[in-house]
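What follows draws every value from the coordinates through simple rules; no lab data is involved. Everything numeric here is computed off the predicted structure, so don't read it as measured data. FYI the Cβ positions are ideal-geometry reconstructions off the backbone, even for glycines, and counts take in every protein chain you see.
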Amino acid sequence: MMTECLDRVRIALSRSEVVISWAALEALLERLEGVGGAGRIIDEFRNAGTSRPIMLNAYENALLSRIVGNWVDEVGWVDAAGEPTAPAGVHELRNALEDERSYGVFD
């Protein structure tokens, strides 16, 4: 169960571990709602805690990669003032998921 004291969540990938902010987690949950096949991802994110990173299978990571990639494509990387356009960790997650894809982890 999510608690107020958490301010970040770890996501374990096959080649790295990414930390996203709680704000990024909440925004990502909104983007995942209603996406076919995202049920377990949503459950894992909703049950995120501090003791272990979120671990998803290859299919779920591929789906997450698509959702996060679309998000970054939509908002871009930085605004006119040079500030990141997405909550902390989203761009890092997108890059890590793209690395996974390029190494064939989702195949």
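A few notes on this one:
- Some residue of segment 20-32 being crowded, with 18+ Cβ neighbours inside 10 Å, in contact with an Asp or Glu (Cβ under 8 Å, 6 or more places away or on another chain) and at negative phi: yes
- Subset of segment 77-98 [under 19 Å from Val9 (Cβ atoms) and either charged (D, E, K, R) or not in a helix (DSSP H, G or I) (or both)]: Pro84, Ala86, Pro87, Ala88, Gly89, Glu92, Arg94
- When Ala96, Ala12, Ala58, Ala81 are checked against the criterion of being aliphatic (A, V, I, L, M) and surrounded by 15 or more Cβ atoms within 10 Å (Cβ to Cβ), Ala96 stands alone in meeting it.
- Scanning segment 43-76 for residues that are of a type in the set (Val, Ile, Thr), over 19 Å from Phe106 (Cα atoms) and assigned to a helix (DSSP H, G or I) yields Val72, Val75.
- Segment 53-65, residues that are of a type outside the set (Ser, Thr, Tyr) and within 15 Å of Ile20 (Cβ to Cβ): Pro53, Ile54, Met55, Leu56, Asn61, Leu64
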